[in-house]
Every structure is written in C-alpha cells, then in structure tokens.
1. Would you tally the residues in the range 177-200 being touching a residue at least 40 places away in the same chain (Cβ under 8 Å), within 13 Å of the chain's Cα centre (by Cα) and surrounded by fewer than 21 Cβ atoms within 10 Å (Cβ to Cβ)?
2. From (1) open to solvent by 20 Å² or more (accessible area, probe 1.4 Å); (2) assigned to a strand (DSSP E or B); (3) not polar (S, T, N, Q), pick out the condition that doesn't hold for Phe170.
3. Quick check on my filter: what residues within the range 45-56 are in contact with a Lys or Arg (Cβ under 8 Å, 6 or more places away or on another chain) and either among the small types (Gly, Ala, Ser) or over 16 Å from Ser76 (Cβ atoms) (or both)?
4. (1) assigned to a helix (DSSP H, G or I); (2) in contact (Cβ under 8 Å) with a residue 24 or more places away in the chain; (3) surrounded by fewer than 22 Cβ atoms within 10 Å (Cβ to Cβ): which one isn't true of Leu92, the others all being true?
5. In this structure, is Ile74 surrounded by fewer than 22 Cβ atoms within 10 Å (Cβ to Cβ), among the hydrophobic types (A, V, I, L, M, F, W, C) and more than 19 Å from the chain's Cα centre (by Cα)?
6. Is at least one residue of the range 78-88 over 20 Å from the mean Cα position of the chain (by Cα) and free of Cβ contacts under 8 Å to residues at least 12 places away in the same chain?
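The values are calculated or read from the model by the stated rules, or taken from the named source; none is laboratory data. Here the structure is a predicted model, which means the values were calculated and not measured. Virtual Cβ from ideal backbone geometry, glycine too; neighbours counted across all protein chains shown. Side chains included, ligands, DNA and RNA excluded: accessible areas come from the protein's heavy atoms. Shrake-Rupley method; radii C 1.70, N 1.55, O 1.52, S 1.80 Å.
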Amino acid sequence: MNTLERINILGVPVHKVDMNEALNASSNFFDRDKKSVIVTPNSEIVMMAKDDEKFLNIIKEADLVIPDGIGLVIASKIIKNPLTERVTGIDLMENILNYCNENNKSIFILGGKPGVADKAVENIVKKYPNIKNSGAHHGYFKGHHIGHEGHDEEKEVIRKINEIKPDILFVAFGAPKQELWIQRYKDEVDTSVFMGVGGSVDVYAGEVKRAPEVYQKFGLEWFYRLVKEPWRYKRMMLLPKFIVQVIVKK
C-alpha cells in the first residue's frame, strides 16, 4: 500500500486511486499476513473525522481509504492535487464480490435491520454462486453501541462470524460506528479483510434503490437521495459547508 499516493483533505488522508487500483489493492489484502481495513469516506465523513480525533486516527491507520463522494473530487481540484476519480464504496464492494466469486472466497455481512443482511447475502450468492461460504447477522444487537461493549450478545455474534472464518467482513452500521467497531474487534474476528459499507447492504437486499446511472455518472447520487428523501436536507447541507472549508483552508 505504500506505493499508493495519499492526499490530505481537511487533515483526512485519502488514497489517490482509480477503481482498478482500489480493486488491486483490495485483492492483495486477501493474501497478506496482517489484517486489512478499507474505509470509504465522503465529504460528510471527512467533516465528522476532522472533529473526532479517534475516528480520524482510524482513517489514518486504514490500509485503503477510497474517495467515495463527488465532494472529495471537487475538493482535490480546489487544493490542486486532483484525485483520479470518485471510487464509491458500493462499486468497490461489487468488484470485491466479483473477485471473491472468481477466487472462491467467503463473505460475511454484519449490520442492517433484522433480515436485511440475510437477504443481501441471499441475493449476492444468487449472482455470485462461487461464493460458497457466507454468513449474515443484523446490526441490532447489544454491543456496538457506546456502553455495551463486550455484551454477551455481541460475543455470540463474533463467535458466529468466527465459525465461518470469512475472507472478508462487510460491516454496515454506518460511519463512524462501523469503523469504531472494526477497530475495537478486528483482533478478535477471524477474517483477513474488513470493509465498512454503510447503506450498501440495503441496496443489495433490495430495500433501497440506487440512483439511476446518469446520476451516478455525474456524481449526483446525493441529489437523487435528497429528492427521494427530503428529510435528509440537513445532512446534505454539509456538502457546501465542506467545500467552503476546503477553500478557506486552501
């Protein structure tokens, strides 16, 4: 991973990768002796991390930090160190799943409402039948919330993951909970690769529709979500705030 260039956006490091480079790095993680973590920040997550030292340090220590969000691409141009392209978490996850299918790797999805992770895995295995060994568990268990760490229910979830020994664990608690959970338990979980995937699991389960390709192409998935879910406007307002801060700090 040392060969990949990183740029700093508001103090948050992001790897300067295109999709092929991100996939090559991810596929190499399966053959490493050490555990590897993939983080997928967008502008909202960068804004979180710059004010949260613990979260920021987790991103700094991650093995691959992809630029998931058009805001990061815009910011990189403002600071005159342009990223190659936007690499979304859901697209990288899809490419990793394809790699797992071609190389008979196993997966586990942790997170989402009860039944959602199971449905996501069911749909993934239909599409990628060579992913033979897979598992799922919802995110509504005591343990990954502040103050409940080490709860018996959480220990049972970790035991369930370790029975399968997946090659990759996709964690879908949303940021920063998923990254904090990975950091806390990665030494106890028997897997090679960890990736925080947020709402991608809802898409794989068929619970949420992804934005049409024309929105994806122009980096306007955030706008599509805003039209579909206008109550998200407060979160969306972080994008212009983020751009303003990048310009000010330039």
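1. Start the filter on the range 177-200 by keeping residues that are touching a residue at least 40 places away in the same chain (Cβ under 8 Å), which leaves 178-180, 182-183, 186-187, 191-198, 200.
This time we only want the ones that are within 13 Å of the chain's Cα centre (by Cα), so: 178-180, 182, 193-198, 200.
Narrowing further to those that are surrounded by fewer than 21 Cβ atoms within 10 Å (Cβ to Cβ): 180.
Number of matching residues: 1.
2. Every condition holds for Phe170 apart from (1).
3. The first filter runs over the range 45-56 and keeps only residues in contact with a Lys or Arg (Cβ under 8 Å, 6 or more places away or on another chain), leaving 47, 56.
Once the filter is applied, which keeps residues that are in contact with a Lys or Arg (Cβ under 8 Å, 6 or more places away or on another chain) and either among the small types (Gly, Ala, Ser) or over 16 Å from Ser76 (Cβ atoms) (or both), the range 45-56 yields only Leu56.
4. With respect to (1) assigned to a helix (DSSP H, G or I); (2) in contact (Cβ under 8 Å) with a residue 24 or more places away in the chain; (3) surrounded by fewer than 22 Cβ atoms within 10 Å (Cβ to Cβ), Leu92 is out only on (3).
5. Numbers: surrounded by fewer than 22 Cβ atoms within 10 Å (Cβ to Cβ): yes; among the hydrophobic types (A, V, I, L, M, F, W, C): yes; more than 19 Å from the chain's Cα centre (by Cα): yes.
Yes: the conditions hold for Ile74.
6. Applying the first criterion (over 20 Å from the mean Cα position of the chain (by Cα)) to the range 78-88 yields 78-82.
Next, from what is left, pick out any that are free of Cβ contacts under 8 Å to residues at least 12 places away in the same chain: 80, 82.
Yes: one or more hits.
Matching residues to (1) aliphatic (A, V, I, L, M); (2) closer than 17 Å to Gly89 by Cβ; (3) modelled with pLDDT under 85:
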residue	(1), (2), (3)
Ala205	yes, yes, no
Lys209	no, yes, no
Pro212	no, no, no
Glu229	no, no, yes
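Every residue, every condition in (1) surrounded by 18 or more Cβ atoms within 10 Å (Cβ to Cβ); (2) within 15 Å of Phe173 (Cα to Cα), yes or no:
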site	(1), (2)
Ser106	no, no
Gly111	yes, yes
Val116	yes, yes
Lys119	yes, no
Ile124	yes, no
Lys132	no, no
Gly135	yes, no
His138	yes, yes
Lys142	no, yes
